[in-house]
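Since the structure comes first, as structure tokens, the remarks are kept for the end.
Taken together, the values in this text are just the output of simple stated rules run on the coordinates, not laboratory data. As the structure is a prediction and not an experimental result, all values here were calculated from the model. Note that we place each Cβ from the backbone using ideal geometry, even for glycine, and neighbour counts take in every protein chain shown.
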């Protein structure tokens, strides 16, 4: 490594949950794997990492800089959401979960933050259901339906309704353009 700066990752044997669900088609088991692992993560508290609200505020300001009224509306909505010290992964989705010998493990804690656990659940729903599928993808409609079904099953396994995470989801959607402007 000779004086180079970087991050050294452990090599994980196994298959991503995304590849696994695409290979098996077992959306129900995928949701169970996701929920069980996410519940383990969300049992932990942390405070020495950024707040999810700081992350969202930064991206709302960036995304809505040309529309001060919409920006204020989004920031006001964000202010009304709960704070907390729950460990939030921030990028929890099947592509960041690996299955090895029947055990699930999560990777990529680059967006780790703290906050209310409902934020991380809503963020997962967003990442699973709302991230775009390119128009040229084969069987696009089937994939869109699979994403919606997986999000629904994940919420059921988490014992959380869409209504409970709706305000979080709206703020996440408004902030997304600041995070991924080309999406």
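For the range 97-147, the tally of residues that are touching a residue at least 40 places away in the same chain (Cβ under 8 Å) and exposed (fewer than 15 other Cβ atoms within 10 Å of the Cβ) stands at 5. Every test in (1) surrounded by fewer than 20 Cβ atoms within 10 Å (Cβ to Cβ); (2) in contact with a strand residue (DSSP E or B) (Cβ under 6 Å, 6 or more places away or on another chain); (3) not in a loop (DSSP other than H, G, I, E, B) is passed by residue 49 save one, and that test is (3).
Selection within the range 148-183: residues that are buried (at least 18 other Cβ atoms within 10 Å of the Cβ) and without any contact (Cβ under 8 Å) to a residue 60 or more places away in the chain. The member of this set that is farthest from residue 59 (Cα to Cα) is 155.
Determine whether residue 66 is surrounded by 14 or more Cβ atoms within 10 Å (Cβ to Cβ) and part of a loop (DSSP other than H, G, I, E, B). It is false that residue 66 is surrounded by 14 or more Cβ atoms within 10 Å (Cβ to Cβ) and part of a loop (DSSP other than H, G, I, E, B).
Does residue 59 count as more than 25 Å from residue 170 (Cβ to Cβ) and either surrounded by fewer than 20 Cβ atoms within 10 Å (Cβ to Cβ) or touching a residue at least 40 places away in the same chain (Cβ under 8 Å) (or both)? Taking the combined requirement at face value, the residue does not satisfy it. Answer yes if at least one residue in the range 23-33 is surrounded by fewer than 16 Cβ atoms within 10 Å (Cβ to Cβ) and either within 15 Å of the chain's Cα centre (by Cα) or under 11 Å from residue 98 (Cβ atoms) (or both), and no otherwise. Among the residues of the range 23-33, not one is surrounded by fewer than 16 Cβ atoms within 10 Å (Cβ to Cβ) and either within 15 Å of the chain's Cα centre (by Cα) or under 11 Å from residue 98 (Cβ atoms) (or both), which makes the answer no.
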